[in-house]
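Here the structure is laid out as structure tokens; the discussion comes afterwards.
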Amino acid sequence: QVQLVESGGGLVQPVGSLRLSCAASRSIFSINAMGWYRQAPGKEREVVARIFSSGSTNYADSVKGRFTISRDNAKNTVYLQMNSLKPEDTAVYYCNVRTVSLVYWGQGTHVTVTS
């Protein structure tokens, strides 16, 4: 059983930065994509950023130019660098890993952007 453990969330002021990390408990084979999703209160979960096995990435329009997803295969870890944070970025952020046949989710980490 693979577990994904997120960290790095917290309280930050607008225009501040946070770096989220998601570490897998063991190596995961046949990964198609790793990503970050978020769910704000009263809203549906939405994709924030994904990085594919090819190394290509895509981002939600709302975070383009502000967020950067990256991964360290040796550490089984995916990161989300979040800069120029806005109050509307407040949400629970979830790590996601998709393989050929399975999907894994982390437990979520809270990000609150407020002055």
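The values are calculated or read from the model by the stated rules, or taken from the named source; none is laboratory data. The structure presented is a predicted model; accordingly, all values stated were derived computationally and were not measured. Reconstructed Cβ throughout: ideal geometry from the backbone, glycine too, with neighbour counts over all protein chains shown. Remember, those area values only see protein heavy atoms, side chains included, never the ligands or the DNA or RNA. Shrake-Rupley method; radii C 1.70, N 1.55, O 1.52, S 1.80 Å.
The condition of being touching a helix residue (DSSP H, G or I) at 6+ places or on another chain (Cβ under 9 Å) and within 16 Å of T99 (Cα to Cα) holds for A23. In the set (1) without any contact (Cβ under 8 Å) to a residue 40 or more places away in the chain; (2) exposed (fewer than 14 other Cβ atoms within 10 Å of the Cβ); (3) farther than 17 Å from S21 by Cα, the condition left unmet by V100 is number (1). Quick check, is Q81 in contact (Cβ under 8 Å) with a residue 40 or more places away in the chain, under 22 Å from A24 (Cα atoms) and in a loop (DSSP other than H, G, I, E, B)? So Q81 does not fit the description; no.
Just one residue in the set N58, N83, N76 is of a type outside the set (D, E, K, R) and open to solvent by less than 50 Å² (accessible area, probe 1.4 Å); that residue is N76. So for region 8-18 (the condition being under 11 Å from the mean Cα position of the chain (by Cα), modelled with pLDDT of 95 or more, closer than 19 Å to G108 by Cα and not in a strand (DSSP E or B)), does at least one residue qualify? Among the residues of region 8-18, at least one is under 11 Å from the mean Cα position of the chain (by Cα), modelled with pLDDT of 95 or more, closer than 19 Å to G108 by Cα and not in a strand (DSSP E or B), which makes the answer yes. Checking every residue in region 105-115 against the condition of being of a type in the set (A, V, I, L, M, F, W, C), in a strand (DSSP E or B) and in contact with a Pro (Cβ under 9 Å, 6 or more places away or on another chain) gives at least one match.
The single condition from (1) more than 16 Å from T112 (Cβ to Cβ); (2) touching an Asp or Glu at 6+ places or on another chain (Cβ under 8 Å) that L20 fails is (1). Answer yes if at least one residue in region 25-39 is under 18 Å from V92 (Cβ atoms), modelled with pLDDT of 95 or more, open to solvent by 50 Å² or more (accessible area, probe 1.4 Å) and not hydroxyl-bearing (S, T, Y), and no otherwise. For region 25-39, residues under 18 Å from V92 (Cβ atoms), modelled with pLDDT of 95 or more, open to solvent by 50 Å² or more (accessible area, probe 1.4 Å) and not hydroxyl-bearing (S, T, Y): present.
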